[in-house]
1. Scan around Trp171 for amide H atoms under 5 Å from its own, H built in the peptide plane at 1.01 Å from N, and keep only partners 5 or more places away or cross-chain.
2. Would you grab the residues whose amide H sits under 5 Å from the one on Ile194? Only those 5+ places off in sequence or on another chain, please, with H modelled 1.01 Å from N.
3. Determine, for each peptide in 118-129, 45-56, the mean count of other beta carbons within 10 angstrom over its residues, then list the peptides with the highest first.
4. For Rg and Dmax of the Cα atoms in Å, the listed values are (1) 17.5, 50; (2) 16.4, 48; (3) 21.3, 70; which was obtained by calculation from the structure presented?
5. If you take the square roots of the eigenvalues of the alpha-carbon gyration tensor of the stretch 118-185 and sort them as a ≥ b ≥ c, do you get rounded (a/c under 1.5), prolate (a/b over b/c) or oblate?
6. What does the C-alpha gyration tensor say about the overall shape of the stretch 90-150? Classify as rounded when a/c is under 1.5, otherwise prolate if a/b is larger than b/c, or oblate.
7. Probe radius 1.4 Å, ligands and nucleic acids ignored: give me the carbon and sulfur share of the accessible area of the chain as a rounded percent.
8. Using a cut-off of 15 Å between beta-carbons, work out the net charge of the residues near Leu158 (Lys and Arg +1, Asp and Glu -1, Leu158 not included).
Amino acid sequence: MTIPDLDDLIAEVDRTCTTAHRPGGQEQPDWLALLTTAAGLAGRLQALADDLVEDYVEHCRMHGCSWTDIGTALGVTRQAVQQRFHAPHKRYGPETMSEELRQAMTHVKRAAVQHRNNYIGTEHLLWGLTAEDNSATRLLSAAGASPETLHRTVGDRLSMGASQAAERIAWTPFSRKAIALAEERSKETGSAHIDCDHLLLGLARIGRGVAAEVLDEAGLSAETLDNATKDQPMPTP
């Protein structure tokens with residue numbers, strides 16, 4: 001893999017910023033437009049770099065590495081690495097979730113523990129969301145799907161592991177992304193809490209992981225679920 005150098009990145013900015021260059025090349029380009037495009041490109045590269053490191057931090061945690069060891073590998077303190085890569089269950093505490101999502105999370109954790117998995121993947125999240133009636137199962141029904149069938153299907157994808165250290169359960173990168181997307185969705189809708197349907201949409205939107213595969217096989221794309229939300233009754237304040 002060849003990492004692009006500065007000249008490559010400048011060329012990419014020039015190529016993608018079609019509004020910056022005036023016809024004939026007689027005038028100075030729109031430097032502010034180029035700067036905006038360059039900043040956007042830099043942001044995407046930084047986000048990709050952060051995701052790369054975060055992925056390996058999660059794998060280190062899943063395989064029993066301590067925060068001290070991870071901090072040493074990254075050249076920072078244990079406190080610094082914990083603050084940067086805090087676990088979703090600490091960032092998204094009970095106060096940020098609806099009552100239904102808090103209940104679903106108990107099913108999520110139970111699925112991981114019972115299968116001796118030292119991680120929470122998208123399959124655990126979807127299994128927990130479909131374990132009982134909530135806004136996610138109601139959204140699935142509105143989209144023409146059977147929550148019970150999906151629950152059985154994703155349950156068949158849960159594999160038995162060998163971990164018995166429940167305190168070491170870590171969220172996979174796809175699961176972290178799904179809950180982050182759910183938080184964005186809750187803000188978009190003006191909700192005070194992250195709800196089950198928000199997390200379901202987050203799982204569909206990432207388009208990767210076991211949950212996305214199960215949803216896709218059932219014909220439930222992010223767009224399909226998003227459209228189904230329009231047929232849902234407004235939540236009672």
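1. Ile120
2. Amide H neighbours of Ile194, under 5 Å, 5+ apart: Met97, Ser98.
3. Highest-to-lowest ranking by the protection proxy: 118-129, 45-56.
4. So the structure-derived entry is (3).
5. Cα axes put the stretch 118-185 in the oblate bin.
6. Oblate, since a/c reaches 1.5 and b/c is not below a/b.
7. After summing per-atom areas, the C and S share lands at 54 percent.
8. For residues surrounding Leu158, the net value is +2.
The values are calculated or read from the model by the stated rules, or taken from the named source; none is laboratory data. Remember, predicted model here, so these are calculated numbers, not experimental data. Don't worry about glycine lacking a Cβ; one is built from the backbone with ideal geometry, like all the others, and counts go over all protein chains shown. Please note that ligands, DNA and RNA were not included when accessible areas were found on the heavy atoms of the full protein model with its side chains. Shrake-Rupley method; radii C 1.70, N 1.55, O 1.52, S 1.80 Å.
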